[in-house]
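S.K.: Got a structure for you, written out below as structure tokens; questions coming shortly.
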Amino acid sequence: MPGGRLTQQERQRIAAGLADDLSYAEIARRLDRPTSTISREIGRNGGPGGYRPQQAHRATAQRARRGTPSPPRAAGEPGGTVEKEMVELAVRSGMPRITARVHVDLVLSEGGTRTAAELTRRLEVSPASVSVAVNYLVQQGYVRRERDPQRRRDLYVVDDEAWYHSVVISSRQTLAAAQAAMAAAEALGLDGPVGQRLARGGTFLERVILDMKESADRWRTLLTDTSRCG
């Protein structure tokens, strides 16, 4: 496995990989480099959305001349490599960026809880942005609200079963769409191409979602069984 600093050509290949939505691991594999090297390179040079190979190459050269390379941030700190990777994955899945940042910050917190003030301060966003993000996360089952009676403030919590609740809520929404498609197929007539298309699509979604819900129920105990960790 090659060592040393990344070359300008390697940085151009990293940029091309990001443009093609490749994972850090796949980019690293193609360059025969450790994934940690790729993650660190992207994280300290603008992140996945702002990485520019020429600028990254110049910045690295400047740091080398100064003899003071930028230290990587801790994994759980805002802007850390792990956080950035998780945020970008959520954004690619369709979650708004600020909402993704709020969710990931909660997931990476030691106790799984934050107040609105803590989220505002840590992420350097407005209280209104935090409120919108949390409302979305609560509706989707990723987060729940708790009231702190002593300090009279809301706590936002990611508990062990947040993943289960999010699957259940998403399943209900998709199941409703499947049932609407099948009802529309009946109304339009199953003997026509539109009705047949809607019926097939609705039936497919219904079967898949029911299987997924059954699987979530079956494996729910994994979220609270600490003996399986590690």
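S.K.: Quick one: what pairs do we get from the stretch 136-163, first residue within 14 Å of Thr115 (Cβ to Cβ), second of a type outside the set (A, V, I, L, M) and modelled with pLDDT under 85, C-beta under 6 Å, 6+ apart or different chains?
M.R.: Short answer, once both residue conditions are applied: Arg145/Asp154; Leu155/Asp148.
S.K.: Which helices (runs of 4 or more DSSP H) does the stretch 116-230 wholly contain that include 2 or more residues that are over 30 Å from Glu83 (Cα atoms) and touching a Lys or Arg at 6+ places or on another chain (Cβ under 9 Å)?
M.R.: Numbers: elements: 116-123, 127-139, 162-188, 193-218.
Filter on the stretch 116-230 gives 162-188.
S.K.: Pick out the one residue from Val167, Val158 that is closer than 18 Å to Ala90 by Cα, in contact with a helix residue (DSSP H, G or I) (Cβ under 9 Å, 6 or more places away or on another chain) and open to solvent by less than 40 Å² (accessible area, probe 1.4 Å). Before you say what the answer is, go through the steps one by one.
M.R.: Numbers: Val167 fails: open to solvent by less than 40 Å² (accessible area, probe 1.4 Å).
Step by step, each of Val167, Val158 is checked, and only Val158 is closer than 18 Å to Ala90 by Cα, in contact with a helix residue (DSSP H, G or I) (Cβ under 9 Å, 6 or more places away or on another chain) and open to solvent by less than 40 Å² (accessible area, probe 1.4 Å).
S.K.: May I ask you to say which residue of Ala187, Ala176 is within 30 Å of Arg218 (Cα to Cα) and open to solvent by 20 Å² or more (accessible area, probe 1.4 Å)?
M.R.: The conditions single out Ala176.
S.K.: Where residues in the stretch 8-58 are open to solvent by less than 70 Å² (accessible area, probe 1.4 Å) and not in a helix (DSSP H, G or I), which of them is nearest to Leu89 (Cα to Cα)?
M.R.: By that ranking, first place goes to Ser23.
S.K.: Please pick out the residue among Glu206, Glu214 that is within 29 Å of Ala162 (Cα to Cα), open to solvent by 40 Å² or more (accessible area, probe 1.4 Å) and either touching a helix residue (DSSP H, G or I) at 6+ places or on another chain (Cβ under 6 Å) or of a type in the set (Gly, Ala, Ser) (or both). Reasoning before the result, please.
M.R.: Values: Glu214 fails: either touching a helix residue (DSSP H, G or I) at 6+ places or on another chain (Cβ under 6 Å) or of a type in the set (Gly, Ala, Ser) (or both).
Exactly one of Glu206, Glu214 is within 29 Å of Ala162 (Cα to Cα), open to solvent by 40 Å² or more (accessible area, probe 1.4 Å) and either touching a helix residue (DSSP H, G or I) at 6+ places or on another chain (Cβ under 6 Å) or of a type in the set (Gly, Ala, Ser) (or both), namely Glu206.
S.K.: Would you pick out the residues in the stretch 90-117 that are at pLDDT 90 or above and either open to solvent by 70 Å² or more (accessible area, probe 1.4 Å) or acidic (Asp, Glu) (or both)?
M.R.: Arg92, Arg97, Asp105
S.K.: Something else now. Might you check whether a residue that is surrounded by 13 or more Cβ atoms within 10 Å (Cβ to Cβ), in contact with a helix residue (DSSP H, G or I) (Cβ under 6 Å, 6 or more places away or on another chain) and over 22 Å from Leu223 (Cα atoms) occurs anywhere in the stretch 131-150?
M.R.: Yes, some residue in the stretch 131-150 is surrounded by 13 or more Cβ atoms within 10 Å (Cβ to Cβ), in contact with a helix residue (DSSP H, G or I) (Cβ under 6 Å, 6 or more places away or on another chain) and over 22 Å from Leu223 (Cα atoms).
The values are calculated or read from the model by the stated rules, or taken from the named source; none is laboratory data. Since the model is a prediction, treat every value here as computed from it, not as a measurement. Cβ atoms come from the backbone with ideal geometry, glycine included; neighbour counts cover every protein chain shown. Note: accessible area is taken over every heavy atom of the protein model, side chains too, but ligands, DNA and RNA are not part of it. Shrake-Rupley method; radii C 1.70, N 1.55, O 1.52, S 1.80 Å.
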